[in-house]
Amino acid sequence: MDPLSWGRGWYAIQAISGHFIQYLKEARDKPPDELVWPLRLFLILLGYSTVAVPAALLICYVRRNRHAFETPYFSVRQLLRSFAVGNQEYQLIPAGEKESARKDTDPIPKTKAQCIHIAILLLFFFSGIQVTLVAMGVLQERIITRGYRRTDKPEVEEKFGETQFLIFCNRIVALVLSLLILAKDWTKQPPHVPPLYVHSYTSFSNTISSWCQYEALKYVSFPTQTICKASKVVVTMLMGRIVRGQRYSWFEYGCGCTIAFGASLFLLSSSSKHAGSAITYTSFSGMILMAGYLLFDAFTLNWQKALFDTKPKVSKYQMMFGVNFFSAIFCAVSLIEQGTLWSSLRFGAEHTDFSRDVFLLSLSGAIGQIFIYSTIERFGPIVFAVIMTIRQMLSIVLSTIMYGHELTFWAAIGFLIVFLAIFVDIHKKYSDKKRVPQRSW
């Protein structure tokens, strides 16, 4: 190719890239609702890449020169090594210790006393999740829908609309809470074997999952939303096979599908009166976004469980600290790039009671994370997915009782199907455990 053709090609590339950059700048300044969702997602990923790309380069550099970062005392080099390489030397523990650790965390009861203990523990975790999520819902509605009085002009009320700032505050409070717990019980914490950056996967997948869920509401009909959310158990099982290599029997898959069917029947029957006010069609974009929500959410749960299964295991407070650390960075970068961080902080300084409500919202979310991580650590991602499905069903039942509504026949049938499937699955596992010691080898 002659120099003239090279020059023309280079000029064309510069022109295209210039128009593309100009288009991105104009898109960044537009309100989010005026952009198509692929472009909004691209802008979010582009903002995250300003953190991810330098971090990836740093990880590659430390891994290639890992011996230069080995120091016998705590320093910046040791911290960078823990971030990029981890503490692999702690993985060499005796096989018997691994077996005993596995037995200690086995969630399947072998005796009636263990069954009662696990049931009480599960009820405690479920109650904690329920209370914290209800408190978060009330406080978030209070912050978003009601106005706050200005400190200099009490007669003037203004509303706050930056939801990402609320997420950022939640991450900061959870980060501080986990840090305080780790500092208090530092000697009791196990060594963190995996590299610290692995928690960024959980943070990223959780963020994208939430974004896909909220974005899908614009394109997905109510029945499709319901069926997809109820199918979370089955998707979590399939993702567990990919991420953790966890094998499930056909009976367990059947129970998961039965739970999804019963939950869909219950939610559709008991909430059919609200379907008319929602979107009545499901577009191709909606199906892509719902698939993204289910896949990223299932990956989050199974990746957390995979980290809990490392030997020595990662504690829930270590995971809480790592996930919220990266989530806070992602949120801060996004807020700074959008120019809403300082305006949100200024809003809190200029309005009464706003900082108090945001702190209570963030504290409820931080405490809820402790219950969520405890559930995944002790019982696994499948049980947690079932808990969230049952929580949604019980909320509708409670609303029905409080406001005097009638529960339809098919809703009652779906409710019974879900709990029957759960009971049959637990009874089979309990029976199989009781038969194991009786086998002769």
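The values are calculated or read from the model by the stated rules, or taken from the named source; none is laboratory data. None of the values given here were measured: they were computed from a predicted structure. Positions of Cβ are backbone-derived with ideal geometry, glycine not excepted, and every protein chain shown enters the neighbour counts. Areas reflect the complete protein model, heavy atoms only, side chains present, ligands, DNA and RNA absent. Shrake-Rupley method; radii C 1.70, N 1.55, O 1.52, S 1.80 Å.
The share of accessible area on segment 277-343 that comes from carbon and sulfur is 72 percent, using a 1.4 angstrom probe. Using θ = phi - 60° in the Karplus curve 6.51 cos²θ - 1.76 cosθ + 1.60, the 3J(HN,Hα) couplings for segment 327-333 round to 5, 5, 5, 4, 5, 5, 4 Hz; x is entered for Gly and Pro. Summarising the amide proton neighbourhood of His351: residues at separation of 5 or more, or on other chains, whose placed amide H is nearer than 5 Å comprise Thr151.
Ligands, DNA and RNA are left out, and with a 1.4 angstrom probe the accessible area of segment 316-388 is 36 Å² per residue. Using 0.36 nm per residue and subtracting the Cα-Cα separation, the extra length available between Ile401 and Lys112 on full extension is 100.7 nm.
So how strong a dipole does segment 305-388 carry about its Cα centre when Lys and Arg Cβ are +1 and Asp and Glu Cβ are -1, to the nearest 20 debye? Walk me through the numbers before you get to the answer.
Working: 7 positive and 6 negative charges, 89 e Å.
In total the dipole reaches around 420 debye.
For segment 135-252, list log₁₀ I(q)/I(0) at each q in 0.09, 0.17, 0.18 Å⁻¹, using the Debye formula over Cα point scatterers of equal strength and ignoring solvent, two decimals each. So the normalised log intensities are -0.48, -1.20, -1.23.
Pairs exceeding 18 Å between alpha-carbon atoms, taken from Lys184/Lys316; Lys188/Lys316; Lys232/Lys428: Lys232/Lys428. Extension gain, Val134 to Glu155, is 4.5 nm, computed as 0.36 nm per intervening residue step minus the present C-alpha separation.
Taking the highest mean first, how do the peptides 116-123, 253-260 order by number of other beta carbon atoms within 10 angstrom per residue? Mind dumping the intermediate values first?
Details: 116-123: 12.8, 253-260: 20.0.
Order by mean packing, descending: 253-260, 116-123.
For segment 110-169, carbon and sulfur atoms together expose 64% of the accessible surface, with a 1.4 angstrom probe and every protein chain in place. Remark: segment 214-219, residue by residue, has Karplus-estimated 3J(HN,Hα) of 5, 5, 5, 4, 7, 10 Hz, where x stands for each Gly or Pro and the curve is 6.51 cos²θ - 1.76 cosθ + 1.60 at θ = phi - 60°.
Subtracting the Cα-Cα distance of Ala412 and Val76 from 0.36 nm times their residue separation leaves 115.0 nm of extension gain.
Rounded to the nearest Hz, the phi-derived 3J(HN,Hα) couplings of segment 121-130 under the Karplus curve 6.51 cos²θ - 1.76 cosθ + 1.60 (θ = phi - 60°) are 4, 5, 5, 5, 5, 4, 5, x, 5, 4, where x marks glycine and proline.
Ligands, DNA and RNA are left out, and with a 1.4 angstrom probe the accessible area of segment 44-89 is 66 Å² per residue. With all protein chains in place and a 1.4 Å probe, the accessible surface of segment 179-225 carries 66 percent carbon and sulfur.
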